[in-house]
Amino acid sequence: TQLLEQSPQFLSIQEGENLTVYCNSSSVFSSLQWYRQEPGEGPVLLVTVVTGGEVKKLKRLTFQFGDARKDSSLHITAAQPGDTGLYLCAGDYDYKLSFGAGTTVTVRA
Amino acid sequence: DSGVTQTPKHLITATGQRVTLRCSPRSGDLSVYWYQQSLDQGLQFLIQYYNGEERAKGNILERFSAQQFPDLHSELNLSSLELGDSALYFCASSPRTGGANEQFFGPGTRLTVL
């Protein structure tokens, strides 16, 4: 069983639309990371959130860490085909990273 | 390019065999992590080494073992291979230890067990 549940599992949208990916758990994490993975490559870190309620922005990507540090969301504004990929959240639990199953995002031109 | 190298890129072998996957961390990174990624299990943490010492263990089978050498490169040994061991195996490195540290992932080794 996954410590972190990601939803939705798949997301297909048109270029220019917005999307939100969710990462939920019943456990509290000392920090949470978001990665993006493209086919045939390893995951690449996008952001680390540490403080409950923290919001971080990376260009068109907005990351939020829940107040109780049990959940997080990733919001992409005006998605572009280059945003296509597998988005993974990972929680720091017991000094190890526990990954969610991922959300596959496809942005159609 | 993350600076982490893994060899080989692809490996095809038969059930019952033993293979060794190799990882060279980024220059200066002391921690090496091994992960297994399969379609049904997602990305699973296997084991971590820090400066030559085992630091943390995850869902690693007894048939699997790893080590980190004095030059900081690491090897993951998989033995008595089964069909279910077919997966992508990633190595990651970071300067320090602890889950919150940014981990830089290599390109992975795709293992196919026939």
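The values are calculated or read from the model by the stated rules, or taken from the named source; none is laboratory data. Note that the structure is a prediction, hence the values are computed from the model and not measured. Positions of Cβ are generated from backbone atoms using ideal geometry, with glycine treated the same way; all protein chains shown enter the neighbour counts. Surface areas here come from the heavy atoms of the whole protein model, side chains and all, with no ligands, DNA or RNA. Shrake-Rupley method; radii C 1.70, N 1.55, O 1.52, S 1.80 Å.
To keep it simple, each residue is scored yes or no on (1) modelled with pLDDT of 95 or more; (2) touching a strand residue (DSSP E or B) at 6+ places or on another chain (Cβ under 8 Å); (3) outside any loop (DSSP other than H, G, I, E, B).
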{"residue": "B:Q6", "(1), (2), (3)": "yes, yes, yes"}
{"residue": "B:G16", "(1), (2), (3)": "yes, no, no"}
{"residue": "B:Q44", "(1), (2), (3)": "no, yes, yes"}
{"residue": "B:E62", "(1), (2), (3)": "yes, no, no"}
{"residue": "B:L72", "(1), (2), (3)": "yes, yes, no"}
{"residue": "B:L76", "(1), (2), (3)": "yes, yes, yes"}
{"residue": "B:L81", "(1), (2), (3)": "yes, yes, no"}
Exercise for the section: Pairs only if they're at least six apart or on different chains, beta carbon under 9 angstrom, first in the stretch A:41-57 and more than 13 Å from chain B (Cβ to nearest Cβ), second open to solvent by less than 40 Å² (accessible area, probe 1.4 Å) and among the small types (G, A, S); list them, first residue then second. Expected result: A:G52/A:G66; A:G53/A:G66
Exercise for the section: Give, as residue ranges, the strands (runs of 3 or more DSSP E) completely inside the stretch A:55-94 that count at least 2 residues that are surrounded by 20 or more Cβ atoms within 10 Å (Cβ to Cβ) and among the hydrophobic types (A, V, I, L, M, F, W, C). Expected result: A:61-65, A:71-76, A:85-93
Fill in the blank from the handout: By residue number, the members of the stretch A:23-40 that are in a strand (DSSP E or B) and open to solvent by 50 Å² or more (accessible area, probe 1.4 Å) are A:N24, A:R36
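The rows are residues; the columns are (1) open to solvent by 50 Å² or more (accessible area, probe 1.4 Å); (2) β-branched (V, I, T); (3) over 16 Å from B:N77 (Cβ atoms).
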position	(1), (2), (3)
B:T20	yes, yes, no
B:C23	no, no, no
B:S31	no, no, yes
B:S38	no, no, yes
B:Q44	no, no, yes
B:N51	yes, no, yes
B:L61	yes, no, no
B:F64	no, no, no
